[in-house]
1. Would you check which residues across the stretch 168-189 are open to solvent by 40 Å² or more (accessible area, probe 1.4 Å) and either within 15 Å of the ligand (Cβ to nearest atom) or in a helix (DSSP H, G or I) (or both) and list them?
2. Quick one: which residue in G217, G198 is surrounded by fewer than 21 Cβ atoms within 10 Å (Cβ to Cβ) and assigned to a loop (DSSP other than H, G, I, E, B)?
3. Looking at (1) surrounded by 17 or more Cβ atoms within 10 Å (Cβ to Cβ); (2) under 17 Å from the mean Cα position of the chain (by Cα), which is the only condition D93 fails?
4. Restricting to the stretch 136-156, name every residue that is closer than 22 Å to Y24 by Cα and either acidic (D, E) or part of a helix (DSSP H, G or I) (or both).
5. Return the residues of the stretch 1-30 that are more than 30 Å from R199 (Cβ to Cβ), in contact with a strand residue (DSSP E or B) (Cβ under 8 Å, 6 or more places away or on another chain) and either at pLDDT below 95 or in a loop (DSSP other than H, G, I, E, B) (or both); say none if nothing qualifies.
6. R236 is checked against (1) within 30 Å of T19 (Cα to Cα); (2) open to solvent by 20 Å² or more (accessible area, probe 1.4 Å); (3) modelled with pLDDT of 95 or more and fails just one. What number does that condition carry?
7. Inside the stretch 54-76, can you point out the residues that are over 18 Å from the mean Cα position of the chain (by Cα) and part of a helix (DSSP H, G or I)?
Amino acid sequence: MLLVDKFGRAITDLRISITDRCNYKCVYCRSGNEGAIYQDLPFSEYLRIVRLFAGVGIKKVRITGGEPLLRKGVVEFVRELSRLRTVEGQPLDIAATTNGHLLAEMAGPLKDAGLRRVTVSMDAVDPECFARITRVPTGFARVLAGIRSAKREGLDPLKVNCVLMRGFNDDQVEAFAHFARQEQVIVRFIEFMPLEEGRLWSPDIVVPLREIVERIGRVLPLVELPPNEASETARRYTFHDGVGEIGIIAPVTQAFCGACSRVRLTSDGKIRTCLFSQVEHDLYGRMRAGASDTELRRYLHRTVQQKEARHHIGEPGFLKPSRSMVHIGG
Ligand code: SAM
């Protein structure tokens, strides 16, 4: 039986955090005072979990963190994942999200191991602005080298995610449009969500989709593209000449919960059915207690039934989740 929640949404996409450690201190994510908080599991346990999920309909697995490339053994883990099959007998679509700092040297081995796609987080194309946001002075050159190396290795189409914040990097919008064309990458702007360790978020700091489209359109006319699939989170645009692609992910101003196909696994083995869940489901606790695969599959079905209809960002009474993004896995 495949995973379908009580609103009829098929759950086909698993995001799995393999560590909540990170070597960047992006101002919108980490306070800079906290390190890792939660335990990592051995890769063999993540593998068992992914195998269980694949057996009930998961097709895409995204490895994330913290910073997933910090975890020793990640290449071998990807190789093991690539041996798993979906219910239809197809290989899993394996992707990773990374800050790119270690990608230049790891892109080739990851691709060889079976990674299909990579998303690199990069919040500025100006090196000084990049350093102010990440609080890592030498990061920009490394991340750019990582992006180029991943493209050379065929991890294509390569997506570059940028979280826009008014007063921090909103002046980078137009330069990012040029960057997408020059580097032949898909740049995706993400609206800032209230998921940070500190207290930076406010409605005013969010740069909304409409504003991004208008601003880029003034320098390079945009043409909207159809979604690749129903659960696509990004609104997609190309330019008048068809060269380059921009995506805008607008969870705040244009939420896409109705088409959500995702669940998340935290590094310590808890299932989260929404980024903004107020409850976690202790899958690993059940594994440690000796539950069989059949019992665990039943647990996955029960858990998915509790998936929230939608998030409530910006509404009165909104509650931040107990974990911030870096400890959930973005
Ligand atoms: N370290 C990896 C990276 O940098 O991509 C993976 C983990 S990171 C938490 C995953 C993604 O979440 C990044 O693209 C990051 O920019 C994004 N992110 C973190 N906090 C966010 C927030 N409050 N709102 C929107 N996106 C956020």
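1. Step one: filter the stretch 168-189 for residues open to solvent by 40 Å² or more (accessible area, probe 1.4 Å), giving 168, 171, 174-175, 178, 181-182, 184.
If the condition is that a residue be open to solvent by 40 Å² or more (accessible area, probe 1.4 Å) and either within 15 Å of the ligand (Cβ to nearest atom) or in a helix (DSSP H, G or I) (or both), then F168, D171, E174, A175, H178, R181, Q182 are the ones that fit.
2. Values: G217 fails: assigned to a loop (DSSP other than H, G, I, E, B).
Exactly one of G217, G198 is surrounded by fewer than 21 Cβ atoms within 10 Å (Cβ to Cβ) and assigned to a loop (DSSP other than H, G, I, E, B), namely G198.
3. D93 satisfies all of (1) surrounded by 17 or more Cβ atoms within 10 Å (Cβ to Cβ); (2) under 17 Å from the mean Cα position of the chain (by Cα) except (1).
4. Just the residues of the stretch 136-156 that are closer than 22 Å to Y24 by Cα, to begin with: 136-150.
Hits for the stretch 136-156 are G139, F140, A141, R142, V143, L144, A145, G146, I147, R148, S149, A150.
5. Listed by number, the residues that qualify are L2, L3, I11, T12.
6. Here R236 meets the rest and fails (1).
7. From the stretch 54-76, those over 18 Å from the mean Cα position of the chain (by Cα) are 54-57, 72-73, 75-76; that's our starting set.
Passing the criteria: A54, V75, E76.
Results for (1) out of contact with any Ser or Thr (no Cβ under 9 Å at 6 or more places or on another chain); (2) at pLDDT below 95, shown as yes or no for each residue.
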| position | (1), (2) |
| --- | --- |
| G32 | yes, yes |
| G35 | yes, yes |
| P42 | yes, no |
| E45 | yes, no |
| R48 | yes, no |
| A54 | no, no |
| I58 | no, no |
| V61 | yes, no |
| G65 | no, no |
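The values are calculated or read from the model by the stated rules, or taken from the named source; none is laboratory data. None of these values were measured; they are calculated from a predicted model. Glycine also receives a Cβ, built like all others from the backbone with ideal geometry; neighbour counts cover every protein chain displayed. Just the protein is used for accessible areas: all its heavy atoms, side chains included, with ligands, DNA and RNA removed. Shrake-Rupley method; radii C 1.70, N 1.55, O 1.52, S 1.80 Å.
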